[in-house]
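Here the structure is laid out as structure tokens; the discussion comes afterwards.
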Amino acid sequence: QRARTQFVQAVADLAARPQTIETLQSAGVVSLLRLLLLDVVPSVRQTAALGLGRLADYSMDLAEAVVKAGILPQLVCSLPEENRYYKKSAAFVLRAVAKHSPQLAQAIVQCGALETLVICLEDFDPGVKEGASWAFDYIARHNPELSQAVVDAGAVPLLVLCIQEPEIALKRIAASTLSDISKHSPELAQTVVDAGAIPHLAQMIPNPDAKLKRQVLSALSQIAKHSVDLSESVVEAEIFPVVLTCLKDSDEYVKKNGATLIREIAKHSPELSQLIVNSGGVAAVIDCIGSCRGTVRLPGIMMLGYVAAHSENLSMAVIVSKGIPPLCACLIEEHEDHIKAAAAWALGQIGRHTAEHARHVAAANVLPTLLDIYVDTRSSEDLKMKASIFAKKALKNVLQKCTYLPALEPLLHDAPPSIMKHIIGQFSKVLPHDSKARRLFVTTGGLKKVQEIKAEPGSLLQEYIHAINNCFPEEIVR
């Protein structure tokens, strides 16, 4: 007995060190530990399970070896009668196998583990509940089918009870599991809502524990993202204005998840966006974008774009809250193409409504920056695909409404043909009615530039050029 205890302890210790795992694998340690799972001594069984969990956690190959060795049915079958230490170790094995792929997670489901894990969620020991929650999380995160299996096993109401337990670690993993169940489909999210999860999650937003806050905000985001109804369910739990405090949190992930939650609510309808504006959400998100860097900014940038896209009034609310300067800063400061693309898209949504909206965007001197991104030959292919496409769209959105000529003038000298048409089009609208603008157009070299443009006879661009030339005496045009 002492020899078996020493052996299994040594193997479990070695399995915790990456450098010794291959040696253990080649020595056929999985089949040795399988035999020790049947040992008469509880501590040997429990340590054997711990060793198997560590091996399965290390790589997909070892997780597959554990499945092929027929260990899972053996673990599951003995679990209800075992002590809490063994239950924790067994749940660790199940989670370690499930994490690698949907196929391995499916193997867990097929061996009847979910029903046994549900029993563990009802255990009096918080550590056993925590281990079962981890296993459910690693199964549910892969796809809707596996998530549905977790729901069908009856785990959701018990997970909602777990987030009400006093232990922080248990709260965290239960919230994470609810998040991973909710993310796949509106139906799965609705199951979590019907189990009464939202009020309990909402109550934990002010919790001082950053890791718990991350999971809570993530779970609420995954519920809210699917539909107006689900978003309204989240809003009705009175998350505003308390969720805005998360945008000032010292933890970057809390900030990001808080902004993501607000974004997921804002995108669905003008009414939900208006509610966010009324609670001071737009100003808070703008402050957040200004105070951080990198991907933390991304959900906030997207949220401003969604709010602005809904209506003229909501777009003006973003302008009045001084949302344009930090978006311009993102275009200049950020190096990641998807962040630049998002900032360009958001600016396009703000400027596309009326001439007044477009003037605010143009007056911030953002158009030359958008043009630089669009024509930059040094950009990676990926950057061209993302940022330049959105920069071009934003330019078009703003130019179609823009009558603010001082911002358009510099573009005449640099813009490629695909953008030039929109710029010339705006000049052809404004110049016939504005004598001061006509004078400036000549003195800044704009009229000269127009004469250099080669337009297809009969094309829209040709019509615009004729309209501009007709604003001036023939000798000046010549």
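The values are calculated or read from the model by the stated rules, or taken from the named source; none is laboratory data. In this text the structure is predicted, and so the values were computed from the model without any measurement. Cβ atoms come from the backbone with ideal geometry, glycine included; neighbour counts cover every protein chain shown. Accessible surface is based on the protein model in full, side chains and every heavy atom, while ligands, DNA and RNA are left aside. Shrake-Rupley method; radii C 1.70, N 1.55, O 1.52, S 1.80 Å.
The table for this structure:
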{"read-out": "Three-way shape call for segment 293-374 based on the alpha-carbon gyration tensor, with the a/c threshold at 1.5", "value": "oblate"}
{"read-out": "Segment 21-110, accessible area per residue, ligands and nucleic acids excluded (1.4 Å, Å²)", "value": "43 Å²"}
{"read-out": "Separation in nanometres of the label points that stand 7 Å from Cα toward Cβ, at Gln400 and Ser26", "value": "6.6 nm"}
{"read-out": "Relative contact order (%) - criterion: Cα under 8 Å, at least six apart; region: the chain", "value": "6 percent"}
{"read-out": "Accessible-area order (highest first, 1.4 angstrom probe) of the listed residues Arg214, Arg293", "value": "Arg293, Arg214"}
{"read-out": "Under 21 Å from the Cα of Lys386 - lysines, other chains or at least 8 residues apart", "value": "Lys267, Lys340, Lys396"}
{"read-out": "Surface accessible to a 1.4 Å probe, Tyr374 within the full protein complex, Å²", "value": "50 Å²"}
{"read-out": "Kirkwood-type radius of the chain, with distances r between different C-alpha atoms, in Å", "value": "25.9 Å"}
{"read-out": "Of all accessible heavy-atom area on the chain, the percent that carbon and sulfur account for (1.4 Å)", "value": "53 percent"}
{"read-out": "Listed pairs Lys225/Lys256; Lys171/Lys213; Lys322/Lys429; Lys68/Lys88 exceeding 18 Å between Cα atoms", "value": "Lys322/Lys429; Lys68/Lys88"}
{"read-out": "Cα gyration tensor shape of segment 410-477, rounded if a/c is under 1.5, else prolate or oblate by comparing a/b with b/c", "value": "prolate"}
{"read-out": "Sequence of His100, His466 from largest to smallest accessible area, 1.4 Å probe", "value": "His466, His100"}
{"read-out": "Accessible surface of Val109 - all protein chains present, 1.4 Å probe, nearest 10 Å²", "value": "40 Å²"}
{"read-out": "Order by protection proxy (mean Cβ within 10 Å, highest first), peptides 360-370, 132-142, 217-227, 190-200", "value": "132-142, 217-227, 360-370, 190-200"}
{"read-out": "222 nm mean residue ellipticity, helices alone, for the chain (DSSP H n ≥ 4; -39,500 (n - 2.57); rounded to 500)", "value": "-21500 deg cm²/dmol"}
{"read-out": "Hull-based mean projected area of segment 1-168, where the convex hull spans the alpha carbons, in square nanometres", "value": "9.3 nm²"}
{"read-out": "Nearest-10 value in Å² for the accessible area of Lys449, using the 1.4 Å probe", "value": "50 Å²"}
